[in-house]
Amino acid sequence: MGQDNHSGGDPQEQQWGSPGQQPPPAPQPWGQQPPQQWGQQPQNPWNQPGGQWNPGVSQPGPPPQPWGFPGQLPQGGWTPPPKPGIIPLRPLGLGELLDGAFQACRKNPAATFGTALLIQAVISLLTFLFVGSLVPSALFSSEFDESDFESVESNAGWSLTGLSLLGVISVVGVLLLQGVLVVPIARSILNLKTGFAQTWKLCRSRLLALAGMGLLLTVTFVVGLILFGVLLGLLVSALGSAGIPVLIIGILGLIAAFVWVGVKLSLAPAALVLEPAGIFRSLRRSWQLTNRNFWRCFGILALTAILVSIISSVISVPIVLITSLVTAVGSGPDPADAGAAVALFGLNVAITTFFTAIGYAFQAAVTSLLYVDLRIRREGFDLTLMKEQETAAVNPDLVPGRRSAQPGPDLGGATPPGPAPYGGPPGPGYGG
């Protein structure tokens, strides 16, 4: 009987595939490890003694995560943008703008409502004193006599001057409110709470510039209105009766131009405080940010103004009517009645001031978030906010978008510079 050819012989001559046999490892290029066999667990290069990276292990560890997205990204999934504070760091919708403004005011009531009440109270007090000095009996009685009209006519110059000053103060107050409130609103985006005193401390270096901007816009508007009125009057007088349609069209065109310029420059106070920049550069920045977004900005600002007006009217008008009626009925020659009338009139002014301030605060919050939204859409401002979120823990006085008022000890005296706007060179703390 012959021997089985497969039962003996040189083991190197055995064919691959016999039970219990594994193929020999193929030669690998220099610097590479042989592939893992089936059923074996791949080695983790990070799971080494002391946490050291082992470059000889073929399988890498977890992929590096992009900045601002904590945790491991799911394979083939979608991770929502971070939301450290009142809004997600991405382009915003109308509902998110309104909700973010409400959340910012609710979380920082002293900084938002307190600031608005302070500014509006000053304006209301000046108006009260002006009316009292012009027509003293108007504060105590609802009846006018001939002496009151003579007093108004004799003080026509003072009346015009006082009304002009009140108009300038009102415009400056509104711009001041929008510029100051952008600080707590921007800090709320990074989940930073801001107090009343801290708000004024962080924006005190920009108060004079805000007042100058308000004065400049008021003077420009008055001069433009006077020139437009003179030209329109000359044109109507030259055309005679045919100039009436021209007058109507001119007035409508003036209103449209005022609304257009107002929307285009509505973001200037926020740019003046957050970037920071000068008065003229802030006006130019607002004009540039609203390019190709005019109708969206106009719709958001108009809708916000309508909502605030409706809510304020529903709450305040009945109260004002009741106090006005009591004042008219209770006023008389009796000093006690006069004192009660003055008290009720003061209550009327206080109620109007309170609800007006709340409305202005909410509108300023929406405008501030609209400024942030446009910078996110045009300049990637969300990346700058993500970077500044890292510094918020060590810098309690951080103002997003510009150099901090009091940097923390670990920051070296400044916040990280943001991307340069419109291709310009980045500056320290410019923030996009």
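The values are calculated or read from the model by the stated rules, or taken from the named source; none is laboratory data. Just so you know, these numbers come straight off a predicted model, no measurement behind them. Virtual Cβ from ideal backbone geometry, glycine too; neighbours counted across all protein chains shown. Just the protein is used for accessible areas: all its heavy atoms, side chains included, with ligands, DNA and RNA removed. Shrake-Rupley method; radii C 1.70, N 1.55, O 1.52, S 1.80 Å.
Below are the figures for this structure:
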quantity: Links that overshoot a 27 Å alpha carbon limit, given the list 83/264; 201/387; 83/107; 107/387; 201/264; calculated: 83/264; 201/264
quantity: Nearest-0.05 FRET efficiency for residue 258 and residue 110, computed from C-beta distance (R0 35 Å); calculated: 0.55
quantity: Per-residue SASA entry for residue 193, accessible area with 1.4 Å probe, Å² rounded to 10; calculated: 150 Å²
quantity: Fraction of accessible area attributable to carbon and sulfur, the stretch 259-311 (%, probe 1.4 Å); calculated: 74 percent
quantity: Efficiency of FRET from Cβ geometry, residue 94 and residue 125, R₀ 41 Å, rounded to 0.05; calculated: 0.70
